[in-house]
1. Given the structure, is LEU252 farther than 20 Å from ALA40 by Cβ and either out of contact with any Ser or Thr (no Cβ under 8 Å at 6 or more places or on another chain) or of a type in the set (D, E, K, R) (or both)?
2. I'm checking my understanding of the structure. Among residues of the stretch 74-91 that are without any contact (Cβ under 8 Å) to a residue 24 or more places away in the chain and under 20 Å from ILE240 (Cα atoms), which one is surrounded by the most Cβ atoms within 10 Å (Cβ to Cβ)?
3. Mind listing just one residue for me: the one in the stretch 295-346 that is at pLDDT 95 or above and of a type in the set (D, E, K, R) and, of those, surrounded by the most Cβ atoms within 10 Å (Cβ to Cβ)?
4. Within the stretch 239-255, which residues are surrounded by fewer than 23 Cβ atoms within 10 Å (Cβ to Cβ), in a helix (DSSP H, G or I) and either touching a Pro at 6+ places or on another chain (Cβ under 7 Å) or among the hydroxyl-bearing types (Ser, Thr, Tyr) (or both)?
5. How do the pairs read when you match residues in the stretch 245-260 that are touching a residue at least 12 places away in the same chain (Cβ under 8 Å) with residues anywhere that are surrounded by fewer than 16 Cβ atoms within 10 Å (Cβ to Cβ) and among the acidic types (Asp, Glu), using Cβ under 6 Å and keeping only pairs 6 or more apart or on different chains?
6. Considering only the stretch 230-238, I want to know if a residue exists there that is assigned to a loop (DSSP other than H, G, I, E, B) and closer than 24 Å to TYR52 by Cα.
7. Residue by residue through the stretch 82-122, note down the ones that are part of a loop (DSSP other than H, G, I, E, B) and either closer than 19 Å to PRO306 by Cα or of a type in the set (Phe, Trp, Tyr) (or both).
8. Taking the options PHE258, PHE269, name whichever one is in contact with a helix residue (DSSP H, G or I) (Cβ under 9 Å, 6 or more places away or on another chain), at pLDDT 95 or above, surrounded by 24 or more Cβ atoms within 10 Å (Cβ to Cβ) and of a type outside the set (S, T, N, Q).
Amino acid sequence: MKRRTFLQHAALSSAVTLVPNLSPILLNNALKKLIVIELAGGNDGWNTIIPYKNQCYYQLRPNIAIPPNEVLPLNNTLGFNPAWVLLKPIFERGEMCIVNNVGYPNSSDTHFRALDVWQTANLSPEKCQTGWLGRYLDYMTKQKATYSITFDYYINTALKGNTLSSLTVHQVVSAAKGIARNVSYLSNEKGKEEQDFIADLKQTATWMEEKVNVSVYYLTLGGFDTHIEQRATQDKLLNIYAKGIHYFINRLKQSNLFDDVLILTFSEFGRTLAENEQGGTNHGAANNVFLFSGSLKKSGFYNNIPDLNDLQKENLAHEIDFRSIYATILDNWWSIDASSVLNANLKRLNFI
């Protein structure tokens, strides 16, 4: 079913019984906002943040490496994929932080398990029934209740908690006409990733401007499982992402909201450094995480990539535990006890 058709049916159906009383979601909430963007499928970090002075990179990628003359240099060794030309000024203004080598021990190269690890913040996700953001919402319910909204058709694992604090955008559209009065994409033609992704960001910005009681928005941009002919596919998706982020940040600035918004972008794993025979790459391990805000303490590169000659089976070994990023957000962004949400004592970083 096309997304437009699904949304039209959702808007016409009576879904009030599927969600709790939504009147609290209309209340003004001053909590800082987190926008989570999942690059689904395993984005290739090597062709996103490019070690354009490293011969090992070019030797192992004779067909898909980004040529040095196409790279957008950020420093003497690393640069952006040319599809991220709109993000370069954001990086240069100190509104973007790139954390390299993010992962966890014994990384899974299976999509579903790897995503479960990231979404539960548990290295044994089969033993955990809730997600890290769902547990955050449970924690907040005891103090000052807030909601999350996902633009997927279902509540993903990251947002699952023990309280009814997570909603899909389709449930909101069906059950609360007040909050949904500016859902502009209900009448738009859909079918392209760019239209969907930017429409979701537009709706997110609208709800932020209306100051609804939502502190977490979860968006997904898919298609990054690039085993075949990677350049064309990934470059297109990175361009869509860059256009969306560029639009979103500019709109938040116009509304004076950017300082109270943190954008977190991750992918369930990276890709191998060596290309395969189909002009693509295979599942890897550690990867980059991208953060945007008007309130960053550390911008630019949080850390460097490791020696490319010292990889583990063509994979990037993790240096930073992804849960440390979550712990930093919980502690430093929302000022709540991270250990009570993550059930672990993790190192904090200083990007926010």
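1. Details: farther than 20 Å from ALA40 by Cβ: yes; either out of contact with any Ser or Thr (no Cβ under 8 Å at 6 or more places or on another chain) or of a type in the set (D, E, K, R) (or both): yes.
It is true that LEU252 is farther than 20 Å from ALA40 by Cβ and either out of contact with any Ser or Thr (no Cβ under 8 Å at 6 or more places or on another chain) or of a type in the set (D, E, K, R) (or both).
2. Of all residues in the stretch 74-91, those without any contact (Cβ under 8 Å) to a residue 24 or more places away in the chain come to 76, 88-89.
From what's left, under 20 Å from ILE240 (Cα atoms): 88-89.
Values: LYS88: 17, PRO89: 11.
Filtering first and then ranking leaves LYS88.
3. Only one residue fits best here, namely ARG323.
4. Matches in the stretch 239-255: TYR247 only.
5. SER255/GLU209
6. Pass one, the stretch 230-238, residues assigned to a loop (DSSP other than H, G, I, E, B): none.
No: the stretch 230-238 contains no residue that is assigned to a loop (DSSP other than H, G, I, E, B) and closer than 24 Å to TYR52 by Cα.
7. We begin by selecting, within the stretch 82-122, every residue part of a loop (DSSP other than H, G, I, E, B); these are 85-87, 93-95, 104-110, 121-122.
TYR104, PRO105, ASN106, SER107 - these are the residues of the stretch 82-122 that are part of a loop (DSSP other than H, G, I, E, B) and either closer than 19 Å to PRO306 by Cα or of a type in the set (Phe, Trp, Tyr) (or both).
8. Working: PHE258 fails: surrounded by 24 or more Cβ atoms within 10 Å (Cβ to Cβ).
The conditions single out PHE269.
The values are calculated or read from the model by the stated rules, or taken from the named source; none is laboratory data. Fair warning: this is a prediction, and the values are worked out from it, not measured in the lab. As a convention, Cβ positions derive from the backbone with ideal geometry for all residues, glycine included, and neighbour counts pool all protein chains shown.
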